[in-house]
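I have placed the structure first, in the form of structure tokens, so that the comments after it can refer back to it.
The values are calculated or read from the model by the stated rules, or taken from the named source; none is laboratory data. Owing to the predicted nature of the structure, the values given are computational and were not obtained by experimental measurement. Note that each Cβ is placed from the backbone with ideal geometry, even for glycine, and that neighbours are counted across all protein chains shown. When the accessible area is computed, the model is the full protein with side chains, heavy atoms only, and any ligands, DNA or RNA have been set aside. Shrake-Rupley method; radii C 1.70, N 1.55, O 1.52, S 1.80 Å.
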Amino acid sequence: MTGGCGAVNATGTIIVTAANTAGAPSSSPTLCINTLLTNITIATTGATGISNDGVSGANGLPGGVSAHWAASLITISGTPTSSGTFNYIIPMTGGCGAVNATGTIIVTAANTAGAPSSSPTLCINTLLTNITIATTGATGISNDGVSGANGLPGGVSAHWAASLITISGTPTSSGTFNYIIQ
């Protein structure tokens, strides 16, 4: 200060906090339902926490999966108990600015196969009435369209389309055929 008697300084402190930021997720996984998720991490700056820390299914995550913040790192972990595409949005708390950590987890449904539409008995070299089996979750079958594969008789094959297995053909050998279609 100038003027007057003695040298005196005016002092104080100004704290400037960095703006919140969230990096890209370490992965955007696709996994099967009820399968342990490999941890996803997201680096943050500025924030002091996240909304719903440790709450399963919060912030758009699948049930069984939660996010936790510690030391400027969000860690997403758990075992998803529901299927679908989950576009999560995790709001960061503290620091400056309204910033969200975002990403996607895709959880596929478990494969299922219904009961065959029939278990026929027929003569050799006689056209089989198609057998159908409804599926969920699957995107195909092993040996699709291969005659005699999967334990079927020669001349008979299985084909998958639109969540339905269709077994068709004309058996060229006799016997009891216990088929297994993966």
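Taking every protein chain into account, the accessible area of region 54-136 amounts to 50 square angstrom per residue (probe 1.4 Å). Using θ = phi - 60° in the Karplus curve 6.51 cos²θ - 1.76 cosθ + 1.60, the 3J(HN,Hα) couplings for region 26-31 round to 5, 7, 10, x, 10, 9 Hz; x is entered for Gly and Pro. Under 5 Å between amide hydrogens, built in the peptide plane, is the criterion, and for VAL99 it picks out MET92 among residues at least 5 positions away or on other chains.
Of all DSSP beta bridges in the chain, what percent run antiparallel (nearest 5)?
90 percent
3J(HN,Hα) along region 163-175: 6, 9, 8, 10, 9, 8, x, 10, x, 9, 9, 9, x Hz, from the Karplus curve 6.51 cos²θ - 1.76 cosθ + 1.60 with θ = phi - 60°, whole Hz, x for Gly and Pro.
How high is the relative contact order of region 78-140, given as a whole-number percent (alpha carbon pairs under 8 Å, six or more residues apart)?
Computed value for region 78-140: 29 percent relative contact order.
Dividing the C-alpha radius of gyration of region 1-154 by 2.2 N^0.38 Å, with N its residue count, gives 1.96. Across the chain, Cα pairs under 8 Å and at least six residues apart give a relative contact order of 16 percent. When the Gaussian network model of the chain links Cα atoms closer than 10 Å, the mean-square fluctuations of THR30, THR11, THR170 top out at THR11.
May I ask for the percentage of alpha-carbon pairs in region 14-91 that lie more than 20 Å from each other? Result: 30 percent of Cα pairs exceed 20 Å.
Shown for the chain: the carbon plus sulfur share of the solvent-accessible area, taken with all protein chains present and a 1.4 angstrom probe, equals 57%.
If you plug the beta carbon distance of ASN39 and ALA162 into 1/(1 + (r/R0)^6) with R0 = 30 Å, you get a FRET efficiency near 0.25. Sorted largest first, the spans of the alpha carbon positions of region 71-143 along the three principal axes are 78, 20, 18 Å.
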